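Just below is one structure, and these are the notes that go with it.
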There are 2 protein chains.
Amino acid sequence: MIKYQQIAIEIETYIEEHKLQQGEKLPVLETLMAQFKASKSTVTKALDLLEKKGVVFQVRGSGIFVRRHKRTGYIGLLSNQGFTSELEDFQLTSEVIELDVRKPTQEAALNLNIEENSDVYYVKRVRYINGQTLCLEESFYNKSIVTYLNNEIVSQSIFHYIKEGLGLKIGFSDLYLHVGKLNEEEATYLGLKEGDPKLFIETLFHLANGQPFDFSKVTYNYEQSQFFLQATSHVL
Amino acid sequence: MIKYQQIAIEIETYIEEHKLQQGEKLPVLETLMAQFKASKSTVTKALDLLEKKGVVFQVRGSGIFVRRHKRTGYIGLLSNQGFTSELEDFQLTSEVIELDVRKPTQEAALNLNIEENSDVYYVKRVRYINGQTLCLEESFYNKSIVTYLNNEIVSQSIFHYIKEGLGLKIGFSDLYLHVGKLNEEEATYLGLKEGDPKLFIETLFHLANGQPFDFSKVTYNYEQSQFFLQATSHVL
DNA sequence: CAGTATAATTGTATCGATACAATTTATCAA
DNA sequence: TTGATAAATTGTATCGATACAATTATACTG
């Protein structure tokens, strides 16, 4: 493990264990440098990482403080690692509706930046949280990257498999959110009524090298749709 | 202006002017160092900033590449600077419904971390985009921080005034998203029907020193609610 | 005691140097 | 031509040093 990541993890653990609340102060830089036997640059890098994650904020001349959002039961929108890792505290299960290799739709091909005659894994599943329907998901995986999927993998955590099983590094993703009304099919799968509200999110996931590998379209059950999100001003 | 921010701006401008597309390669670090007469650390810092903003991504051993999302007409969710700066390309106007100094609701007091008998500015307005209703907004500003507001400011950009007029530095914010159905009042203001879908976002804005100064509750017109969002994996 | 000037604290910006890891390109053998 | 191996390219991690800016604490003054 890289040093500054290790430091970040230890600081985060420290915050957890000491149950520090929003605004509480961490030891000053000098102390952290000594404690972790690292240079100022390295500790700063760890802190910048934690700041990006929304765990701390730094105030020049004052100190390093814990950043906490107050509410529980909200799903973080920015995890980018799939929901399974995000929702460890919840009971998350999946029912696989479809799983096959096929040709992509024009839309999927365009997003994945592949030819329409190349192969994709198509996955359709309903996901449940604490026994309630959470969402209906349709995903297209570029088969030349995600070379193999089966029912077992798909009914558990696809992203865990992609990272650990295939050894791929996930980079960034673009999310597009819409609000609308459920059509009949969606309503049926989610156990709601046609015309009920829906949150619809299309996501294009990329590897660390910039290749898009997964285009997914997810329709959320509005009753379970509580998301949170931490923003930071980038100045410019 | 600080050097690495200046470099970031210039790189971004370069990308704009040359209309670089997703995946196109920028000059290598060495070149940028020479071009901007800056050390490797400084250029790297500028690039990290742009990466955080979702403008580029870096691949070790390979290069620095432009990151672009494809779709237009979507509102960025993470700007954190208010919508006015975000939506420069659109015609954005506001109709002020209410503006006064009052005592906060229990909820607002809790979020702003103030006593219930202290003063807040209360602002209620409907915002229009290209002549259509975009959202209904209710905001509570901690009056001991945002010391003055008037109708003119509120009908334009409150955040611009806070930054430029009051000289305050905006730090981070927490967003909580819900999907639901419009009640009668909301429907009326937005020109929609009761029971129609809504996206409801509560945001708690903080200064750079961590003080919360604005708690706002916004109900979006689902017909205009197209948001996008760029995520990056923080590894840990 | 209030207000202000000064000093100490504490994070931020910048430089530059060294070593390293991932990727890409070049080389060469089969 | 293919495929492995070596070399070159290019970003990342880490150290450490200097100067600086914002905040907070202290001392001083009236």
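The values are calculated or read from the model by the stated rules, or taken from the named source; none is laboratory data. Because the structure is predicted, anything quoted here is derived from the model rather than measured. Counting neighbours? That spans all protein chains shown, and the Cβs are built from the backbone with ideal geometry, glycine included.
Output the helices (runs of 4 or more DSSP H) that fall wholly within segment B:70-178 and possess 3 or more residues being more than 30 Å from A:Tyr220 (Cα to Cα) and away from every other protein chain (no Cβ under 14 Å), or say none.
B:151-155
Restricting segment A:214-236 to residues that are more than 8 Å from every other protein chain (Cβ to nearest Cβ) and surrounded by fewer than 22 Cβ atoms within 10 Å (Cβ to Cβ), which is farthest from B:Glu24 (Cα to Cα)? So that I can check it myself, show each step before the final result.
Restricting attention to segment A:214-236, the residues satisfying the condition of being more than 8 Å from every other protein chain (Cβ to nearest Cβ) are A:214-219, A:221, A:223-224.
Within this subset, residues satisfying the condition of being surrounded by fewer than 22 Cβ atoms within 10 Å (Cβ to Cβ) are A:216-218, A:223-224.
Details: A:Ser216: 24, A:Lys217: 27, A:Val218: 29, A:Glu223: 42, A:Gln224: 40 Å.
Ranking the qualifying residues of segment A:214-236, first place goes to A:Glu223.
Residue check, B:Lys52 against (1) modelled with pLDDT of 95 or more; (2) more than 8 Å from DNA strand C (Cβ to nearest atom); (3) out of contact with any His (no Cβ under 7 Å at 6 or more places or on another chain), all met but one. Which one?
(3)
Being more than 9 Å from every other protein chain (Cβ to nearest Cβ) and on the phi < 0 side of the Ramachandran plot is the filter here; which residues of segment B:187-200 pass it? Show your work before the answer.
Of segment B:187-200, the ones more than 9 Å from every other protein chain (Cβ to nearest Cβ) are B:187-194, B:200.
Of everything in segment B:187-200, those that are more than 9 Å from every other protein chain (Cβ to nearest Cβ) and on the phi < 0 side of the Ramachandran plot turn out to be B:Ala187, B:Thr188, B:Tyr189, B:Leu190, B:Leu192, B:Lys193, B:Glu194, B:Phe200.
With the checklist (1) more than 9 Å from DNA strand D (Cβ to nearest atom); (2) under 26 Å from the mean Cα position of the chain (by Cα) in hand, flag the one item B:Gln58 doesn't pass.
It fails just one condition, (1).
Answer yes or no as to whether B:Asp196 is modelled with pLDDT of 95 or more, over 28 Å from B:Ala109 (Cβ atoms) and acidic (Asp, Glu).
yes
So, in segment B:10-43, exactly how many residues are within 12 Å of DNA strand C (Cβ to nearest atom) and either touching a residue at least 12 places away in the same chain (Cβ under 8 Å) or surrounded by 14 or more Cβ atoms within 10 Å (Cβ to Cβ) (or both)?
Just the residues of segment B:10-43 that are within 12 Å of DNA strand C (Cβ to nearest atom), to begin with: B:23, B:25, B:28-30, B:32-34, B:36-43.
When the remaining residues are screened for being either touching a residue at least 12 places away in the same chain (Cβ under 8 Å) or surrounded by 14 or more Cβ atoms within 10 Å (Cβ to Cβ) (or both), the result is B:23, B:25, B:28-29, B:32-33, B:36, B:38, B:42-43.
Of the residues in segment B:10-43, 10 are within 12 Å of DNA strand C (Cβ to nearest atom) and either touching a residue at least 12 places away in the same chain (Cβ under 8 Å) or surrounded by 14 or more Cβ atoms within 10 Å (Cβ to Cβ) (or both).
Looking at this structure, is A:Ala46 hydrophobic (A, V, I, L, M, F, W, C) and not in a loop (DSSP other than H, G, I, E, B)? So that I can check it myself, show each step before the final result.
Details: hydrophobic (A, V, I, L, M, F, W, C): yes; not in a loop (DSSP other than H, G, I, E, B): yes.
Answer is yes for this residue.
Quick check: anything in segment A:28-38 in a helix (DSSP H, G or I) and either small (Gly, Ala, Ser) or under 30 Å from B:Ile201 (Cα atoms) (or both)?
Checked segment A:28-38: at least one residue is in a helix (DSSP H, G or I) and either small (Gly, Ala, Ser) or under 30 Å from B:Ile201 (Cα atoms) (or both).
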